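Student: Starting off with a structure, shown below.
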2 protein chains.
Amino acid sequence: MISKTNQYALRAVLCLAQETGGRPVRAGQIAAGLDLPANYLSKILHALARAGVLESERGPNGGFRLARSPEELSLAEVMAPFEAIVEQRSCLLGRDQCSDEAPCRLHEHWKLASDPMIEFFKNTKIADLIGQTDLCT
Amino acid sequence: MISKTNQYALRAVLCLAQETGGRPVRAGQIAAGLDLPANYLSKILHALARAGVLESERGPNGGFRLARSPEELSLAEVMAPFEAIVEQRSCLLGRDQCSDEAPCRLHEHWKLASDPMIEFFKNTKIADLIGQTDLCT
DNA sequence: ACATATTATCATATTAATATGATAAACACT
DNA sequence: AGTGTTTATCATATTAATATGATAATATGT
């Protein structure tokens, strides 16, 4: 339902959000902590940095940190660089003919069913999810 | 959000549900009408037949028809042969540690967000969606 | 300056989803 | 029986997601 890329991104961001210290966290450290493929996670972290979700620093003592406060950062913003699911709901049947403007009957049903999930991604902030000890594993 | 395989399956079943005549519809006919890859759709139709959603007949005058009435057939049943999304909700973060039995805080949020969609698939019947002229295209 | 540690980037491998092509099996009609 | 039409099945191709490996660029500390 959620791609692995998005899962990795969310877990990494949650991990960084729980990091209280001011110094950035190394990619390898996150990958080891979460048991994720290191190089693949690197690419994800880089994409998040380009999207303005994270800040990165190179060299010794380098790493990643949140660019914005967990209270302002939504799950949708973390997922946005990887998939456009949140922004534009597609027709359940994959037909580009029907949209919110020219909806079919099915479309209306589908909108009602999928809206709660979309709103969840938009409204839930990273801050709402931290505080659990094991979210970083 | 929904795989193409599931989209094709739903469209094909909706198409068959609108077919009032008693004689089965050929796979090629459905593929042409919906403009879908013929061989790929064949495999999908075959899978639906094995799952008991459709009935198939070979030879001349052969084809596919619904095995059950559109009023009894849910979207979830049509999608079930291809993905297990509907039955078991996985953790948003892809961790197998947390389940409905041993939920994390996130899990509870996620359940609330994803339940409406799952219920939609389970409760919506094929009959609820027919009646639109263009659903077969 | 130099060595080291880290992110940034490029190249490639693996796997799963999607799609195509070809052949076998079943049925209907003559 | 034989011919043609259809589904059933197998084999392979293409594409996208996921993962790995190697190198370049940048910053730090000596």
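The values are calculated or read from the model by the stated rules, or taken from the named source; none is laboratory data. All figures in this text were calculated on a predicted structure; none of them were measured in a lab. FYI the Cβ positions are ideal-geometry reconstructions off the backbone, even for glycines, and counts take in every protein chain you see.
Student: Condition first: within 8 Å of chain A (Cβ to nearest Cβ) and either modelled with pLDDT of 80 or more or exposed (fewer than 14 other Cβ atoms within 10 Å of the Cβ) (or both). Now tell me which residues in the stretch B:96-105 satisfy that. If you could, list the steps in order and put the result at the bottom.
Tutor: Restricting attention to the stretch B:96-105, the residues satisfying the condition of being within 8 Å of chain A (Cβ to nearest Cβ) are B:97, B:104-105.
B:Q97, the sole residue that qualifies.
Student: What are the residue pairs meeting all of these: first residue in the stretch B:12-29, first residue of a type outside the set (A, V, I, L, M), second residue assigned to a loop (DSSP other than H, G, I, E, B), Cβ atoms under 7 Å, and 6 or more apart or on different chains?
Tutor: These pairs meet every condition: B:Q18/B:I130; B:R23/B:N61; B:P24/B:G62.
Student: Between a residue in the stretch B:33-58 that is free of Cβ contacts under 8 Å to residues at least 12 places away in the same chain and any residue that is not acidic (D, E), which pairs come within a Cβ distance under 6 Å, given they are 6 or more apart or on different chains?
Tutor: Listed by first residue and then by second, the contacts come to B:A38/B:G28; B:A38/B:A31.
Student: Of everything in the stretch A:4-30 that's of a type in the set (A, V, I, L, M, F, W, C) and more than 13 Å from every other protein chain (Cβ to nearest Cβ), which residue is nearest to DNA strand C (Cβ to nearest atom)? Can you show your working first?
Tutor: Here is the first cut: in the stretch A:4-30, the ones of a type in the set (A, V, I, L, M, F, W, C) are A:9-10, A:12-17, A:25, A:27, A:30.
Checking the rest, the ones that are also more than 13 Å from every other protein chain (Cβ to nearest Cβ) come to A:16, A:25, A:27, A:30.
Working: A:L16: 11, A:V25: 7, A:A27: 4, A:I30: 8 Å.
So the residue we want is A:A27.
Student: Of all residues in the stretch A:36-64, which are assigned to a loop (DSSP other than H, G, I, E, B), within 14 Å of chain B (Cβ to nearest Cβ) and within 11 Å of DNA strand C (Cβ to nearest atom)? Show your work before the answer.
Tutor: First, the residues of the stretch A:36-64 that are assigned to a loop (DSSP other than H, G, I, E, B): A:36-37, A:51-53, A:58-62.
Restricting the remaining residues to those that are within 14 Å of chain B (Cβ to nearest Cβ) gives A:36-37.
The answer is A:P37, and nothing else.
Student: Being surrounded by 16 or more Cβ atoms within 10 Å (Cβ to Cβ), in a helix (DSSP H, G or I) and over 16 Å from the mean Cα position of the chain (by Cα) is the filter here, so list the residues in the stretch A:1-30 that pass it.
Tutor: A:A27
Student: Check A:A67, A:A80, A:A76 and return the single one that is more than 14 Å from chain B (Cβ to nearest Cβ), surrounded by 14 or more Cβ atoms within 10 Å (Cβ to Cβ), under 13 Å from the mean Cα position of the chain (by Cα) and away from DNA strand D (no atom under 11 Å from the Cβ). Before the answer, list the steps.
Tutor: On the way: A:A67 fails: under 13 Å from the mean Cα position of the chain (by Cα); A:A76 fails: more than 14 Å from chain B (Cβ to nearest Cβ).
Answer to the selection: A:A80.
Student: Out of everything in the stretch B:49-64 that is of a type in the set (A, V, I, L, M) and near DNA strand D (Cβ under 9 Å from one of its atoms), what residue ends up being farthest from B:R11 (Cα to Cα)?
Tutor: At the first step, the residues of the stretch B:49-64 found to be of a type in the set (A, V, I, L, M) are B:49, B:51, B:53-54.
Checking which are near DNA strand D (Cβ under 9 Å from one of its atoms) leaves us with B:49, B:54.
Numbers: B:A49: 15, B:L54: 13 Å.
By that ranking, first place goes to B:A49.
Student: Spot the failing condition for B:A80; the list is (1) at pLDDT below 90; (2) in contact with an Asp or Glu (Cβ under 8 Å, 6 or more places away or on another chain), and only one is missed.
Tutor: Here B:A80 clears every test but (1).
Student: In addition: For the structure I just gave you, tell me whether A:G33 is more than 12 Å from DNA strand C (Cβ to nearest atom), farther than 25 Å from B:S114 by Cα and in a helix (DSSP H, G or I).
Tutor: On the way: more than 12 Å from DNA strand C (Cβ to nearest atom): yes; farther than 25 Å from B:S114 by Cα: yes; in a helix (DSSP H, G or I): yes.
For A:G33, the condition - more than 12 Å from DNA strand C (Cβ to nearest atom), farther than 25 Å from B:S114 by Cα and in a helix (DSSP H, G or I) - is met.
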